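The values are calculated or read from the model by the stated rules, or taken from the named source; none is laboratory data. Quantities reported herein were computed from a predicted structural model and do not represent experimental measurements. No Cβ is skipped: glycine too gets one built from the backbone with ideal geometry, and neighbour counts run over all protein chains shown. Protein only, heavy atoms only, side chains kept; ligands, DNA and RNA dropped before computing areas. Shrake-Rupley method; radii C 1.70, N 1.55, O 1.52, S 1.80 Å.
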Amino acid sequence: MKIHGLQKMTLLDYPGKIACTVFFGGCDMRCPFCHNAELLDGSAPPVMDENELLQFLRKRQGLLEGVVITGGEPLLQKELSKLTARIRDMGYPVKLDTNGTHPDLLERMIREGMVQYVAMDIKNSPERYAETTGLEKPDLTSIRSSVELLMEGRVDYEFRTTAVAELHDDNSFLQIGEWIRNAKRYYLQKFTDRETVPFD
Ligand code: SF4
């Protein structure tokens with residue numbers, strides 16, 4: 001597997017754990033506020049392969065407490081559950097960041113114990129999903145299925161929204177609130193602009 005980035009240590013990305021963050025290229029959304037736009041088409045040069053990652057994790061055993069898998073959209077990686085199985089076997093809990101478009105694969109990873117924490121983006125209220133994801137017809141059926149799956153509580157999870165003034169208003173959050181009512185955690189993060197963000 002091609003790995004497109006590795007942050008060797010983070011105190012922010014895995015709640016309560018000292019972790020590293022592994023980035024995979026490729027995404028099935030085109031959010032105009034994306035911070036990782038250079039990863040979206042999967043053509044960026046990889047920084048390492050899975051064996052090099054596992055070697056790094058072996059060296060950090062006892063120092064790191066978890067591994068964050070992010071992207072892009074990591075569930076586009078066909079071999080992901082094989083990799084997370086090896087990471088889990090080394091004793092690391094895995095946190096997965098996802099946009100929610102692959103509920104079947106997410107369910108399998110939860111069922112097989114391949115992931116211990118899931119952070120899923122709620123991009124906006126359903127009616128504004130298209131403009132917020134840069135897609136003409138986002139797959140809301142799959143996204144709703146992922147929300148329902150996580151709210152079953154079989155794995156620890158959070159929902160989160162990056163709030164962007166041009167894309168969200170009060171009604172966005174009122175509708176999101178209705179949608180994910182009784183969710184375990186919901187975080188808002190403030191959009192910060194960067195040179196690499198495609199949205200002008
Ligand atoms: S889902 Fe995430 S990685 Fe994909 S375009 Fe949106 S912000 Fe970027």
Subset of the range 16-45 (residues that are at pLDDT 95 or above, over 20 Å from ARG194 (Cα atoms) and open to solvent by 60 Å² or more (accessible area, probe 1.4 Å)): GLY16, LYS17
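Name the single residue, out of those in the range 65-107 being in a loop (DSSP other than H, G, I, E, B) and more than 14 Å from the ligand (Cβ to nearest atom), that is surrounded by the most Cβ atoms within 10 Å (Cβ to Cβ).
Within the range 65-107, the subset in a loop (DSSP other than H, G, I, E, B) is 65, 71-73, 77-79, 90-93, 99-102.
Narrowing the set further to residues that are more than 14 Å from the ligand (Cβ to nearest atom) leaves 65, 78-79, 90-93.
On the way: GLU65: 15, LYS78: 9, GLU79: 9, MET90: 12, GLY91: 11, TYR92: 22, PRO93: 16.
Applying the filter and picking the extreme gives TYR92.
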Any hit, the range 20-34, residues being more than 16 Å from the ligand (Cβ to nearest atom) and either in a loop (DSSP other than H, G, I, E, B) or over 13 Å from the mean Cα position of the chain (by Cα) (or both): yes
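Does the range 151-167 include one or more residues that are more than 14 Å from the ligand (Cβ to nearest atom), surrounded by 21 or more Cβ atoms within 10 Å (Cβ to Cβ) and within 12 Å of the chain's Cα centre (by Cα)? Reasoning before the result, please.
Keep residues of the range 151-167 that are more than 14 Å from the ligand (Cβ to nearest atom), which gives 151-158, 165-166.
Filter once more, so that each one left must be surrounded by 21 or more Cβ atoms within 10 Å (Cβ to Cβ): 157.
Still in the list and also within 12 Å of the chain's Cα centre (by Cα): 157.
Within the range 151-167, one or more residues are more than 14 Å from the ligand (Cβ to nearest atom), surrounded by 21 or more Cβ atoms within 10 Å (Cβ to Cβ) and within 12 Å of the chain's Cα centre (by Cα).
Mind listing whichever residues of the range 1-15 are open to solvent by less than 100 Å² (accessible area, probe 1.4 Å) and either under 21 Å from LEU75 (Cα atoms) or assigned to a loop (DSSP other than H, G, I, E, B) (or both)?
Pass one, the range 1-15, residues open to solvent by less than 100 Å² (accessible area, probe 1.4 Å): 1, 3-7, 10, 13-15.
Those that are open to solvent by less than 100 Å² (accessible area, probe 1.4 Å) and either under 21 Å from LEU75 (Cα atoms) or assigned to a loop (DSSP other than H, G, I, E, B) (or both): MET1, ILE3, HIS4, GLY5, LEU6, GLN7, ASP13, TYR14, PRO15.
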Criterion violated by GLU112 - all others in (1) within 15 Å of the ligand (Cβ to nearest atom); (2) in contact (Cβ under 8 Å) with a residue 12 or more places away in the chain; (3) of a type outside the set (Val, Ile, Thr) satisfied: (1)
Number of the exception - GLY62 against (1) more than 16 Å from PHE159 (Cα to Cα); (2) open to solvent by less than 40 Å² (accessible area, probe 1.4 Å); (3) more than 16 Å from the ligand (Cβ to nearest atom): (2)
Cβ pairs under 6 Å, 6+ apart, first in the range 14-34 and over 27 Å from LEU167 (Cα atoms) and touching a residue at least 12 places away in the same chain (Cβ under 8 Å), second more than 16 Å from the ligand (Cβ to nearest atom) and assigned to a loop (DSSP other than H, G, I, E, B): LYS17/GLU65; ILE18/GLU65
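Which members of the range 75-109 meet the condition of being of a type in the set (Lys, Arg) and free of Cβ contacts under 8 Å to residues at least 40 places away in the same chain? Break it down into steps so the answer makes sense when it comes.
To start, the set of residues in the range 75-109 that are of a type in the set (Lys, Arg) comprises 78, 82, 86, 88, 95, 108.
Across the range 75-109, the qualifying residues are LYS78, LYS82, ARG86, ARG88, ARG108.
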